[in-house]
Amino acid sequence: MNDIEELLRDALQSAPTPETLVGDPVATIERRAGRARAFIAGGALAAVAVITTAVVVPLQLTKQADGPSRLGGPTATQPPSPRPSSTNRPPTSWSSPGVLALASGGGSLWALRADPNSQSGQMYVDRLDARTHARHGRWAVQAPGSWFFYGLGRVWLTGGGDGAYPDGSLQMVDPARASVRSLTATHQQLSGVAFAGGHAWVIAGRNIWEVNTDGAHVGTVALPAEADQLGIAATDSGQVWVKVGKRWLRIDPATRRVVDTVQWNGPMLGAAGGDAIWTYDGRLIALSPALLHQGTSVAEGSRIAVPGVVTAVAPSSDGGLFVVALDGTNAESDPTNLYYLSERALTGTAAINDQTPKAENAAASYLAPDNTGGVNYTDANGAGAHWAP
Amino acid sequence: MDARLADYVRGQWPSLVRYATMLCGDAVEAEELVQSALVRVTLRWPFIRDKDDPGAYVKRSIVHANINRWRRVRSRETVTDKLPERGVADGSAAFANQDAVRRALAGLPPRQRAVLVLRYLDDMSEQEAANVLGCSVGTIKSQTHKGLTKLREIFATDEVMS
């Protein structure tokens, strides 16, 4: 060892401990983790919403005599009427903590659980009855698994490419064949998944992978961007959009190329009917990104006044919309509520207000609507919960 | 948060911030790095194998959080041969030298910094450091060599050793 190595070792090991600004680190980490769970759920909905049967939002279409149809935004703000039959029932818990993620599709509720006794990252994908939560099937999968989706009749689990698991992983559970297929991405993070054109489109590092229903990687879309990819969503009309930095890029599934770029910094929260995607920009907005070239007012469809940051949305089976939003402006102290906007509320100018049915402080993640107007989700403790507004 | 992780966070918070400060060269940024890493660890806790001793996992996460942060901000970060600030003599040559080395370290590119911290603070082998950073042993060797050479140059320029 020479002089500089000795000096470096001494310098590092004798470095003073800096003063910390955080009073209670555990509380701080828990708050941030809660918000992160909610945002992960929001990303998951980008895919989940595509495969649910209900059309999310009845966007208003105004046919102009001298031009093509365009989205017409609401012109006046009125409070929505409360759901006539609403009793604002509280949620019920149907499992103990340990539900890592949920998704709905194919007439079932899908739950990701970890085996608490496993030393090797053993996890299970459970097929549950969405109302009784009785288990009808179980498939073994392996960590890593952070993002969870249902689409194309299959369950998709992605994760890895980080400090814990250097390589990214995609696992696909095919319930019809009772099989699990997996793909590995060396030193790449696999995360969001969207479904379009009969294939899955998976964020893989700075590329998008095209994966078929056999779980085979069949194509790659290279993105001309240096920033991290922050989300992916498919519209009900089949467009695939990727959020990269402060831009949304549209990729063409047929040519595997980027065919459109728009400036929009909001999150992708899920399909919103037609060409639209739910996003948040002070209000919850059904945005048709391709129309941004014609101006924001043209591209924005339904605009919903909300009390705070929206982290997730999901369509209800009765045409309404579940919304997870902060009730206020202070993310550290204000509660995160789960709201329900009825179809009637959505057809006019919607706003979340005191009349809106809500599950208070639900801190809901992984919204998975059932077929009877309710929604399953994981709460702040990782327990499964159900709410029927 | 699991009780074991909460205990670890409460007990190790200052040393984790110190560790992150060595990696990124800024105490305020270090606290954000540690928070980001611990949020990830919290979210992945069910998958962590050694729940009674999560230290290695947490440190790996901090290293990667720092590298990811660097990737995001690298267009704004400029590596310079100049020390960020001049130290104030405290009458002790040893302390002055150590302080100068730490400031010189802060002037290195983040990946070189990470390699040196892993090798000389954590006493990791080249293979262990390669596993953490997801690169080859050869890369660790070359980064260590370049980092130490750069430190010598900066140090010589500062004439602290003389």
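The values are calculated or read from the model by the stated rules, or taken from the named source; none is laboratory data. On a predicted model such as this, the values are computed, not experimentally measured, just so you know. Don't worry about glycine lacking a Cβ; one is built from the backbone with ideal geometry, like all the others, and counts go over all protein chains shown. Just so you know, the surface numbers come from the protein's heavy atoms only, side chains and all, with ligands and any DNA or RNA stripped out. Shrake-Rupley method; radii C 1.70, N 1.55, O 1.52, S 1.80 Å.
Among residues of segment B:1-12 that are more than 7 Å from every other protein chain (Cβ to nearest Cβ), those with a beta-carbon under 8 Å from a residue that is open to solvent by 70 Å² or more (accessible area, probe 1.4 Å) at least six positions away or on a different chain give the pairs B:R4/B:D52. Filtered by the rule that a residue be over 19 Å from A:L269 (Cα atoms) and among the hydroxyl-bearing types (S, T, Y), segment A:331-389 gives A:S333, A:T347, A:T349, A:T356, A:T372. Considering segment A:110-141, the residues that are among the polar types (S, T, N, Q) and more than 9 Å from every other protein chain (Cβ to nearest Cβ) include one that is surrounded by the most Cβ atoms within 10 Å (Cβ to Cβ), namely A:Q122.
Return the residue satisfying two criteria in turn: it lies in segment A:370-389 and is closer than 14 Å to A:T92 by Cα and more than 19 Å from the chain's Cα centre (by Cα), and of such residues it is least open to solvent (accessible area, probe 1.4 Å). The qualifying residue least open to solvent (accessible area, probe 1.4 Å) is A:P389.
The residue that is nearest to A:N353 (Cα to Cα), counting only those in segment A:88-129 that are at pLDDT 85 or above, of a type outside the set (K, R) and in contact with a Phe, Trp or Tyr (Cβ under 6 Å, 6 or more places away or on another chain), is A:P91. Listed here are the helices (runs of 4 or more DSSP H) enclosed by segment B:83-153 that have at least 2 residues being at pLDDT 80 or above and within 11 Å of chain A (Cβ to nearest Cβ): B:93-106, B:110-120.
From the list A:L321, A:L367, A:L341, exactly one residue is over 18 Å from the mean Cα position of the chain (by Cα) and either buried (at least 24 other Cβ atoms within 10 Å of the Cβ) or under 29 Å from A:G106 (Cα atoms) (or both). Which is it? Being over 18 Å from the mean Cα position of the chain (by Cα) and either buried (at least 24 other Cβ atoms within 10 Å of the Cβ) or under 29 Å from A:G106 (Cα atoms) (or both) holds for just one of A:L321, A:L367, A:L341, which is A:L341.
Of the residues in segment B:35-57, none is part of a helix (DSSP H, G or I), crowded, with 21+ Cβ neighbours inside 10 Å and more than 9 Å from every other protein chain (Cβ to nearest Cβ). Where strands (runs of 3 or more DSSP E) fall wholly inside segment A:170-277, the ranges with 1 or more residues that are open to solvent by 40 Å² or more (accessible area, probe 1.4 Å) and over 26 Å from A:S288 (Cα atoms) are A:179-185, A:217-222. Looking across segment A:155-206 at every residue that is over 20 Å from B:S61 (Cβ atoms) and in contact (Cβ under 8 Å) with a residue 60 or more places away in the chain, the one that is farthest from the other protein chains (Cβ to nearest Cβ) is identified as A:A196. Checked against (1) of a type outside the set (K, R); (2) surrounded by fewer than 17 Cβ atoms within 10 Å (Cβ to Cβ); (3) assigned to a strand (DSSP E or B), A:G159 passes all but a single condition, namely (2). Of all the criteria given as (1) in contact (Cβ under 8 Å) with a residue 40 or more places away in the chain; (2) in contact with a Gly (Cβ under 8 Å, 6 or more places away or on another chain), the one not satisfied by B:L121 is (2). Could you list all residues from segment B:3-20 that are in contact with a Ser or Thr (Cβ under 9 Å, 6 or more places away or on another chain) and either under 22 Å from B:G107 (Cα atoms) or open to solvent by 50 Å² or more (accessible area, probe 1.4 Å) (or both)? If the condition is that a residue be in contact with a Ser or Thr (Cβ under 9 Å, 6 or more places away or on another chain) and either under 22 Å from B:G107 (Cα atoms) or open to solvent by 50 Å² or more (accessible area, probe 1.4 Å) (or both), then B:P14, B:S15, B:V17, B:R18 are the ones that fit.
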